[in-house]
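For reference, the structure discussed in these notes is given below.
The values are calculated or read from the model by the stated rules, or taken from the named source; none is laboratory data. In this text the structure is predicted, and so the values were computed from the model without any measurement. With ideal geometry, Cβ positions are generated from the backbone for all residues, glycine too; neighbour counts draw on all protein chains shown.
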C-alpha cells in the first residue's frame, strides 16, 4: 500500500512524516537523514544567530537534495534575532520550507512565497487554522495538548484534528502533532482528517539528535504517565506552557505547594553548565545537549505523552522507514478488525 497524501504533493516528499523542530536537538545530520528517507526534516533556528542559521541550512543542503524545513517561533519573549532579518537570512540561504509557530505568520507569508518557498503554520484551534488559511498558509499543523516541548494548544489531538479538518476542508493539507510515536498513531491521525503526522519525542530519541545520554535514558525508561504539562521551566521563555518528564525539580516545587515565581525552592540554583561554561539555573528552559555538565536529570526534559512508545534509540532513517511500514500495516488491518 502506498502511503501518499496531499501533504506529500504540497511539500514534494515521499511519505507524510514530519520531524518536529525539536529545538537545539536539531542539526543538519538529523534533518537530512529524515529528508533522505522520504520524510520532512526540520531545523529549529529561532535560537541561532544569523550566521549560524545560514550555515546549518547550507550544511543540510550539502547532505540532501530533498526538501527540508526551518522553523521560526514568533513569540518576542524567546526570539534572539529580529524575525524579519531571520526570515530573510533563511530564505536567502535556500530554505525551501518555513514553518512558523507561537505567533501570527500572516505578515511573513508573502515573503516566503516570493522566494518560491512553502509556508507552514502551527495552530491550536479551528479558528486559528481558518485565519492561517485566509493568510495564505500552504500547510496547517495542529498541535495537540499531548505534545512535548512548548505547547500552544489546550485541546487533545483527537479532538483538535477533526475540528481543524472541518474548518479547513480541502483548502490546504493538515499535519497532526502531539502524542504520535508509531505507525498506529499516524494511521489514527489520517483517519481523523490529517494528511500527515508531525513527531517530536520519537525523533529526539534518534542517533542524530543532539541530546545528552541521560536525557535519552529517561526517554527510553519513561511511560505515558511520566510527563507533566506545566509552565515551571520559564527562565528564557516565560509564560509559555510546556510538557516535560517528571523530575526532582517538579517534585520539590509540588511538595512546596507550587509557590509562584520568585518563591520556588532553589530558585537561583545553578544546576548545570553548558560546554562554554554558561550557567543553567533551575527552572531554565535550556535543552540538555551533550556538552552540558551537571544535574541533567533536574533540567527541563521535554517529552510528549507518546514517550511510552519510545523504548530505544535508532537512526532517524530507520524511524521513518518503520513509521511508514507500521502505518500501512495498521491501515491494512482495519478491514479484519471491523469484520
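Taking region 301-339 as the search range and keeping residues that are part of a loop (DSSP other than H, G, I, E, B) and touching a helix residue (DSSP H, G or I) at 6+ places or on another chain (Cβ under 8 Å), which one is surrounded by the fewest Cβ atoms within 10 Å (Cβ to Cβ)? Selected residue: 312. One residue stands out in region 290-300 among those that are free of Cβ contacts under 8 Å to residues at least 40 places away in the same chain and not in a loop (DSSP other than H, G, I, E, B): the one that is surrounded by the fewest Cβ atoms within 10 Å (Cβ to Cβ), namely 293. Summed over region 88-100, residues that are farther than 16 Å from residue 12 by Cα and surrounded by fewer than 24 Cβ atoms within 10 Å (Cβ to Cβ) total 5. Within region 78-89, can one find any residue that is under 16 Å from the mean Cα position of the chain (by Cα) and over 23 Å from residue 204 (Cα atoms)? The answer is no, given that none of the residues of region 78-89 is under 16 Å from the mean Cα position of the chain (by Cα) and over 23 Å from residue 204 (Cα atoms).
Taking the stated definitions as given, is residue 213 more than 23 Å from residue 231 (Cα to Cα), surrounded by fewer than 21 Cβ atoms within 10 Å (Cβ to Cβ) and modelled with pLDDT under 95? No. Might you check whether a residue that is assigned to a helix (DSSP H, G or I) and assigned by TED's automatic domain parsing to the domain that holds residue 15 occurs anywhere in region 67-80? Looking through region 67-80, none of the residues is assigned to a helix (DSSP H, G or I) and assigned by TED's automatic domain parsing to the domain that holds residue 15. Scan region 239-279 for residues that are surrounded by 12 or more Cβ atoms within 10 Å (Cβ to Cβ), under 26 Å from the mean Cα position of the chain (by Cα) and touching a residue at least 12 places away in the same chain (Cβ under 8 Å) and the total you get is 15. Test residue 300 against the criterion of being under 24 Å from residue 157 (Cβ atoms), in contact with a strand residue (DSSP E or B) (Cβ under 8 Å, 6 or more places away or on another chain) and assigned by TED's automatic domain parsing to the domain that holds residue 19, and give yes or no. Against the criterion (under 24 Å from residue 157 (Cβ atoms), in contact with a strand residue (DSSP E or B) (Cβ under 8 Å, 6 or more places away or on another chain) and assigned by TED's automatic domain parsing to the domain that holds residue 19), residue 300 does not qualify. Restricting region 12-27 to residues that are assigned to a loop (DSSP other than H, G, I, E, B) and closer than 21 Å to residue 150 by Cβ leaves a set whose member that is farthest from the chain's Cα centre (by Cα) is 27. Within region 28-36, is even one residue surrounded by fewer than 24 Cβ atoms within 10 Å (Cβ to Cβ), under 17 Å from the mean Cα position of the chain (by Cα) and under 26 Å from residue 314 (Cβ atoms)? Yes: region 28-36 contains one or more residues that are surrounded by fewer than 24 Cβ atoms within 10 Å (Cβ to Cβ), under 17 Å from the mean Cα position of the chain (by Cα) and under 26 Å from residue 314 (Cβ atoms). The helices (runs of 4 or more DSSP H) found wholly in region 100-174 and carrying at least 3 residues that are over 18 Å from the mean Cα position of the chain (by Cα) and within 17 Å of residue 186 (Cα to Cα) occupy 157-168. When the test is whether a residue is assigned to a loop (DSSP other than H, G, I, E, B), in contact (Cβ under 8 Å) with a residue 24 or more places away in the chain and either closer than 29 Å to residue 18 by Cβ or in contact with a strand residue (DSSP E or B) (Cβ under 6 Å, 6 or more places away or on another chain) (or both), residue 232 passes it.
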